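Asks: First the structure, then my questions, so here it is.
The values are calculated or read from the model by the stated rules, or taken from the named source; none is laboratory data. Values in this document were obtained by computation on a predicted structure and should not be read as measured data. Cβ: placed from backbone, ideal geometry, glycine included. Neighbour counts: every protein chain shown. The accessibility values were calculated without ligands, DNA or RNA, using every heavy atom of the protein model including side chains. Shrake-Rupley method; radii C 1.70, N 1.55, O 1.52, S 1.80 Å.
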Amino acid sequence: MTVPARFRAFRIHDDDAGYRAGLEEIALDDLAPGELVIRTAYSSVNYKDALAGTGQGKILRRFPLVGGIDVAGHVVQSRDPAFREGDAVLVTGCGLSETRDGGYAEYARLEAKWAVPLPAGLDLRESMILGTAGFTAALALLRMTENRQTPALGPLAVTGATGGVGSLAVDIFDRAGYTVHAISGKPEQADYLRAIGAAEVLGREALDVRRALESARFGGGLDNVGGPMLTGLLAQTAPYGNVASAGLAASPTLETTVMPFIIRGVSLLGVASAGTARDIRDEVWRRLASDWKPRHLDRIAQHEATLDTLPDAFARLLAGGGLGRTLVRIGPEPGR
Ligand SMILES: NC(=O)c1ccc[n+]([C@@H]2O[C@H](COP(=O)([O-])OP(=O)(O)OC[C@H]3O[C@@H](n4cnc5c(N)ncnc54)[C@H](OP(=O)(O)O)[C@@H]3O)[C@@H](O)[C@H]2O)c1
């Protein structure tokens, strides 16, 4: 299939004229090289996208680049025998909008080694409601279960619960058989959190602690915010529970003692979605399309943006007013 000579892309620059981002018409050869060209159907807005798109965080390592760390669409050109025209594929992370052009464009050129064939059980829209956020939540659960987390250890806490990663974690952990305690600074969203799988909704003060060990009220959890809330989660985790650290929405610092580790055997697990090895990446997407597929994706897809409205979506996310996930609709998805 031929790709139009020019197409629309949300591109980020940092040069003598300063940091700026916006819609442009570009050509295929403006994009980083790769074996696959796809017609983009959907992307999404993650915290990292909002930082990159506004210049509020150092995300890009070369300029100019098309933004968007997630992308899904249909292959229109392939130089890799593993993919054919018409195949539905997705990529999350893997250097998109960091060292390579990302998903905020009508066409994307991708490296075949990172393209995941859309797993049976997901459509393209669902795959981007999940995107990096869902991948991160499921990767956290995979790491925890590999380290012997079970529902019998107690409820899993999820911080930043109304956010993208948080909402999907609430749904995925519930689906996987865990009791979920959602921790949120938005008490007015308690009904939303219960609707997507939380058994209990707690305020952020639930993680205020004064001692390195407090009574163990959680079997473990996923932390999206860092700082004192992560300290509090570690202090309240049951013996041999796992705490996965994924985010820094509040702070990049962590002050704790060794007590949770040496007295309770608590494990602190890192979650780095962008650098996940291919075999683990495939396993996570397989689970997301089957036994860990969230039951409330439509409810979690609270916002929809287009290439034109991306700046509004970034502003909402950075102001902490985002709820759930923001899907970016870019091109037509045949069959919908
Ligand atoms: N490690 C990885 O691979 C990976 C992947 C994706 C994202 N992340 C990181 O994970 C975090 C969440 O990403 P996201 O896309 O879900 O962002 P998001 O949609 O903006 O959600 C962040 C949530 O954190 C809570 N929050 C915000 N500011 C806070 C503060 N000052 N103190 C306490 N809680 C606060 C809010 O939830 P409540 O109002 O409900 O408390 C907010 O909805 C970000 O730091 C992001 O960079 C990491």
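Asks: So for each of 153-164, 16-27, 98-109 I average, over its residues, the number of other beta carbons within 10 Å; can you give me the resulting order with the highest mean first?
Replies: So the peptides 153-164, 16-27, 98-109, ranked by packing, come out 153-164, 98-109, 16-27.
Asks: Quick check: Cα centre of the range 260-277 to Cα centre of the range 39-97, how many Å?
Replies: What the calculation gives is 27 Å, centre to centre.
Asks: Further question on the same structure: Which whole-number value in Å³ per residue fits the convex hull of the alpha carbons of the range 133-270?
Replies: So the per-residue Cα hull volume is 86 Å³.
Asks: Give me the percent of DSSP beta bridges within the range 195-302 that run antiparallel, rounded to the nearest 5.
Replies: The antiparallel fraction comes to roughly 0 percent.
Asks: Working from the pairwise distances between different alpha carbons, so that the mean of 1/r is found and then inverted, what is the chain's Kirkwood radius in Å?
Replies: Mean inverse Cα-Cα distance, inverted, gives 20.1 Å.
Asks: Which of V37, V170, V71 sits closest to the plus end of the dipole of the chain, meaning its Cα is farthest towards the positive end, when Lys and Arg get +1 and Asp and Glu get -1 on the C-beta?
Replies: Ranked along the dipole, the leading option is V170.
Asks: Shifting gears a bit: Under a 1.4 Å probe, what is the accessible area of the range 133-270 per residue, stated in Å²? Before the final figure, lay out each step's value.
Replies: On the way: 5450 Å² over 138 residues.
Per residue, the range 133-270 has an accessible area of 40 Å².
Asks: Let me ask another. For labels at D312 and R217 in the simple 7 Å Cα→Cβ model, what's the distance in nm?
Replies: Rounded to a tenth, the inter-label distance reads 3.9 nm.
Asks: To continue, here is another question. Please identify every one of the trypsin sites (Lys or Arg not before Pro) in the range 178-273 that sits in a loop by DSSP and has no more than 13 other beta carbons within 10 Å of its own beta carbon.
Replies: R210, R211
Asks: Shifting gears a bit: Assigning unit charges at the beta carbon (Lys, Arg +1; Asp, Glu -1) and nothing else, what dipole magnitude in debye, to the nearest 20, does the range 1-47 show about its Cα centre?
Replies: Taking the Cα centre of the range 1-47 as origin, the dipole is about 300 debye.
Asks: Filter the DSSP H helices in the chain by two things, a Kyte-Doolittle mean of at least -0.5 and an axial alpha-carbon span of 20 angstrom or more, and list the hits by number.
Replies: Counting only whole DSSP H runs, the qualifying helices are 124-146.
Asks: Which one, A206, V225, C94, projects farthest toward the positive side of the charge dipole computed for the chain from Cβ point charges (K/R +1, D/E -1)?
Replies: A206
Asks: Let me ask something else. Pairs of lysines 8 or more apart, or on different chains, with alpha carbons under 25 Å: count those in the chain, would you?
Replies: 5
Asks: What does the charge dipole of the chain about its Cα centre add up to, to the nearest 20 debye, if the Cβ of each Lys and Arg holds +1 and the Cβ of each Asp and Glu holds -1?
Replies: Dipole of the chain, to the nearest 20 debye: 620 debye.
Asks: Once the mean 1/r over all distinct Cα pairs of the range 31-179 is inverted, what Kirkwood radius in angstroms do you read off?
Replies: After inverting the pairwise mean of 1/r, the radius is 16.3 Å.
Asks: Run through the range 234-336 and list the GluC sites (Glu not before Pro) located in a DSSP loop whose Cβ has at most 15 other Cβ atoms within 10 Å.
Replies: Sites meeting the loop and neighbour criteria: E255.
Asks: How much of the accessible area of the chain, in percent, comes from carbon and sulfur atoms when a 1.4 Å probe is used?
Replies: In the chain, the share of accessible area belonging to carbon and sulfur is 50 percent.
Asks: Quick one: dipole size for the range 21-100, taken about the Cα centre, charges +1 on Lys/Arg Cβ and -1 on Asp/Glu Cβ, in debye to the nearest 20.
Replies: The calculation lands at about 300 debye.
Asks: Another one. Rank I300, G270, W285 by how far each Cα sits towards the positive end of the charge dipole of the range 264-315 (+1 on Lys, Arg Cβ; -1 on Asp, Glu Cβ) and give me just the farthest.
Replies: It is G270.
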